[in-house]
1. Taking only the alpha carbons of the range 305-365, what extent do you get along each of the three principal axes, in Å, biggest first?
2. Based only on other Cβ atoms within 10 Å, what is the fewest-to-most ordering of 244, 36?
3. Just order 298-309, 355-366 by mean Cβ neighbour count inside 10 Å, highest at the front, would you?
4. Throw me the Rg/Rh for the range 210-360, computed over C-alpha atoms with Kirkwood Rh, two decimals.
5. Can you give the convex hull volume per residue for the Cα atoms of the range 234-315, as a whole number of Å³?
6. Using the Kirkwood radius built from alpha carbon pairs, what does the Stokes-Einstein equation give as D for the range 124-257 at 25 °C and 0.890 mPa s, in µm² per second?
7. So what's the gap between the Cα centers of the range 315-377 and the range 202-237, to the nearest angstrom?
8. At q = 0.15, 0.22, 0.23, 0.24 Å⁻¹, what log₁₀ I(q)/I(0) does the range 276-377 have when each alpha carbon counts as one equal point scatterer in the Debye sum?
């Protein structure tokens, strides 16, 4: 729009400037001639000045006639246009240099001077977008028992087993009678589940998002399962009884106490990362460790052949020496990550729903087959 306006006025301005320029040229030529004649005739400065003033006055009169002729028979609108042309004529060079629609001088191209908007963006994948648990996932630690339904029943010996006991028979007397008590344990298997909603636009514009959603849902599902299973283990476990204060020796006593329960040998010690670090730094007096302690170059620890595993979700300040065979996972349906566009009003709103779920529960065949204690020094 601004370019068209300037292009339309340029011929008018140039025409007026040309006529006035011709008058100025004639005046200048006449003045120069007067100077030459004055030198030849020896005229005084006053006589020369008087002639020059007459020539200049005549030049001004001619320019005034040009302007008056241009204004002749003009309407008010024409006069306004004429005044506008005069303003533009007087300031033409300044307008050309300052208006944004005029082209700038050629120079070195830079993003700051020559680019409108942003430069092209490169996408770099990030494999460490969030913390991913490197601990053993408890869902993968215990054996899985598939079930047809979400209602599970299993028998468990009642505490004390029963009445009566074996003994030597005295000749002619009756043998000793015994009986056994059992409990049917009923477990309702829930869905451990969660979901996320995301727009289709976001999925399309962020190429990494679909994989990231699946990864995050599985990660958070595992964390929820870990907490549920650890709480279940803690609720029925046996408290450690020891006078030891050093972390490593307290764990040795926990292994011995577990074996004394007669519920199978412990095959795993779960503890915190702080507890694992104390094992590596054990120093009652001379950095010595109890017998049966093996520390590998990678920092993995075994006590009496039992692996000590650090887990970020074990309760702070605790450890568990346990027999994993005394526990199992009832699984009515395995872990699945699925997506749908038909949940609620997803189809209308262009949304996609992602869910991760599994119908599982930890079965404690022998709840006391885990000894828990506070970590030591």
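1. 58, 27, 17
2. Final ranking by Cβ density, sparse to dense: 36, 244.
3. Answer by packing, highest mean first, reads 355-366, 298-309.
4. 1.13
5. 103
6. Diffusion coefficient, whole number: 116 µm²/s.
7. 9
8. For the range 276-377, the Cα-only Debye profile gives -0.82, -1.22, -1.27, -1.31.
Values quoted throughout were computed directly from the atomic coordinates according to the rules given, and no laboratory measurement underlies them. These numbers come from a predicted model, not from an experiment. Because the Cβ atoms are built from the backbone with ideal geometry, glycine has one as well, and the counts that use them run over all protein chains shown.
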